[in-house]
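These notes are about the structure you will find just below.
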Amino acid sequence: MKPIVPIVLKSERLILRPPLPEDAPHVECFVSDRRVAEMTALIPHPYPRGGALDWIHLSERQWLEGVKATFAICLRDSGELVGCASYFNDSERDNEIGYWIGVPHWGRGYATEALTRLLRYVFEDLGGRRVDTYHFAHNPASGRVMEKAGMKFVSKTPLGASRDGVAYDDVRYSISAEEWASRYSLR
Ligand SMILES: CC(C)(COP(=O)(O)OP(=O)(O)OC[C@H]1O[C@@H](n2cnc3c(N)ncnc32)[C@H](O)[C@@H]1OP(=O)(O)O)[C@@H](O)C(=O)NCCC(=O)NCCS
């Protein structure tokens, strides 16, 4: 694998770039919404005031350490931030991708476009061999995003994941570099 270094990714409608301190109010507004936080393992609810700025500073350090690539998902035409996505490359969550989109922007295909672009980054830029991810079973929209981006269902595990110390059924998806290449080689 090549090292993770700060990079800007583009897709048809989106720009994925490292988050900046000035993004904090937008990020905080979106992740403070229970509908976003409660479908993730890590975003607290209620969200602490000032938490987004701390999180952005953390993401800057993680970029420099090469352990996690976090992107603000922005519209190409206006620059508006609509969500965030991360690729974890640490020992705990090796090869995992996480993402969220702000509620006003749901249902426009942004998560699918961002996940697809992030997979391309992992396989084609970093030389990753496999990406795994999961969603809570009560969040089928995220499973649909994974499917649309080309990931394959792996397993459903009763009480396999947790949030705030509460266990939930999880659904795991995966895609290998070979599967990626066979799906997108004609791109
Ligand atoms: C899940 C999430 C990222 C989807 O973002 P989005 O930009 O709306 O996703 P897309 O528009 O690319 O695709 C959503 C798909 O889910 C489908 N969907 C929506 N609600 C659904 C539901 N209850 N059951 C099944 N599918 C559903 C949509 O119809 C769409 O599929 P389609 O294109 O085949 O119609 C967004 O809702 C979100 O941020 N949720 C909270 C945080 C989260 O869940 N993060 C992921 C944690 S694993």
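When the residues of the stretch 27-41 are filtered to those that are out of contact with any strand residue (DSSP E or B) (no Cβ under 6 Å at 6 or more places or on another chain) and of a type in the set (Gly, Ala, Ser), the one that is least open to solvent (accessible area, probe 1.4 Å) is ALA37. Only residues that are modelled with pLDDT of 95 or more and either open to solvent by less than 30 Å² (accessible area, probe 1.4 Å) or outside any helix (DSSP H, G or I) (or both) were counted in the stretch 42-61, giving 12.
Can you go through LEU20, LEU9, LEU58, LEU16 and tell me which one is within 16 Å of the ligand (Cβ to nearest atom), within 18 Å of TRP100 (Cα to Cα) and among the aliphatic types (A, V, I, L, M)?
LEU16
Can you find a residue that is charged (D, E, K, R), free of Cβ contacts under 8 Å to residues at least 60 places away in the same chain and assigned to a loop (DSSP other than H, G, I, E, B) anywhere in the stretch 64-76? Write out each step before concluding.
Here is the first cut: in the stretch 64-76, the residues charged (D, E, K, R) are 65, 68, 76.
Within this subset, residues satisfying the condition of being free of Cβ contacts under 8 Å to residues at least 60 places away in the same chain are 65.
Applying the additional criterion that residues be assigned to a loop (DSSP other than H, G, I, E, B) yields none.
No, the stretch 64-76 contains no residue that is charged (D, E, K, R), free of Cβ contacts under 8 Å to residues at least 60 places away in the same chain and assigned to a loop (DSSP other than H, G, I, E, B).
For GLU96, the conditions (1) within 14 Å of the ligand (Cβ to nearest atom); (2) at pLDDT 95 or above; (3) within 29 Å of ARG183 (Cβ to Cβ) are fulfilled apart from (2).
The values are calculated or read from the model by the stated rules, or taken from the named source; none is laboratory data. Only a predicted model underlies this, so the values are computations on that prediction, with no experimental measurement involved. Virtual Cβ from ideal backbone geometry, glycine too; neighbours counted across all protein chains shown. Accessible surface areas use protein heavy atoms only, side chains included; no ligands, DNA or RNA. Shrake-Rupley method; radii C 1.70, N 1.55, O 1.52, S 1.80 Å.
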